[in-house]
């Protein structure tokens with residue numbers, strides 16, 4: 001189990017409910033990213049954590065979205081008061097950092113459906 | 001404005017032929033990096049190849065090569081001797097700023113769906 005893991009793999013929720021999506025990065029990777037992929041679209045950056053630095057939240061679409069990373073490892077993306085337009089696959093990735101172009105390793109994603 | 005443009009929504013190629021997937025980008029930052037990822041129908045994102053803006057030579061990884069034309073701001077992916085397993089979505093992505101500055105987030109294009117026919 002050396003790859004990025006995400007849970008749940010699928011989540012169906014009713015409009016207005018809150019959801020939490022979990023990401024467990026590759027051990028030793030200090031950078032963690034969340035992206036969103038709507039049906040048939042490319043990936044949209046949401047938020048990025050690097051070590052103890054303040055996260056880059058510039059991609060979060062609204063204040064209903066938040067994320068935290070505890071202990072520099074596991075991250076949780078929370079969507080409050082879900083809307084139908086939040087339906088998408090949420091992908092987490094992790095990488096090393098250090099001044100060289102380390103690629104991002106992606107998890108399998110969580111498919112969120114808001115009914 | 002689109003930062004990454006992939007103009008080919010779909011491509012169909014015969015097995016064993018070479019294929020070029022187009023990618024153009026837009027940035028004013030002199031330091032940037034370009035990535036290609038493959039996404040099979042199973043959904044995982046698989047890193048293929050990377051090109052830095054200061055790299056003098058085009059990147060190559062096995063059957064994959066990146067045709068980097070800096071003045072034209074293009075970074076096309078070339079797959080030689082295509083195989084049935086190459087059928088997938090392919091995404092071009094860009095990182096602006098240098099890794100030394102901590103810049104890491106990627107901007108993705110809309111993707112090209114490649115189908116290899118036997």
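Observations, loosely collected:
- Selected residue (criterion: farthest from residue B:113 (Cα to Cα)) from residues of segment A:30-53 that are within 11 Å of chain B (Cβ to nearest Cβ) and part of a loop (DSSP other than H, G, I, E, B): A:53
- Pick from segment A:70-94, criterion within 14 Å of another protein chain (Cβ to nearest Cβ) and surrounded by fewer than 22 Cβ atoms within 10 Å (Cβ to Cβ), ranking: nearest to the chain's Cα centre (by Cα): A:89
- Restricting attention to segment A:32-69, the residues being more than 12 Å from residue A:89 (Cβ to Cβ) and over 12 Å from the mean Cα position of the chain (by Cα) number 12.
- Residue, farthest from residue A:24 (Cα to Cα), within segment A:105-115, restricted to residues that are more than 7 Å from every other protein chain (Cβ to nearest Cβ) and out of contact with any helix residue (DSSP H, G or I) (no Cβ under 7 Å at 6 or more places or on another chain): A:115
- Of the set (1) in contact with a strand residue (DSSP E or B) (Cβ under 8 Å, 6 or more places away or on another chain); (2) closer than 26 Å to residue B:94 by Cβ; (3) surrounded by 12 or more Cβ atoms within 10 Å (Cβ to Cβ), all apply to residue A:41 but (1).
- Residue selected from segment B:30-58 under the condition within 10 Å of chain A (Cβ to nearest Cβ) and assigned to a loop (DSSP other than H, G, I, E, B), by the criterion surrounded by the most Cβ atoms within 10 Å (Cβ to Cβ): B:45
- Of the candidates B:14, B:69, B:101, B:83, the single residue that is modelled with pLDDT under 95 and surrounded by fewer than 16 Cβ atoms within 10 Å (Cβ to Cβ) is B:101.
The values are calculated or read from the model by the stated rules, or taken from the named source; none is laboratory data. Remember, it's a predicted structure, so these values are computed and weren't measured experimentally. Cβ coordinates were reconstructed from backbone atoms using ideal geometry, including for glycine residues, and neighbour counts include every protein chain displayed.
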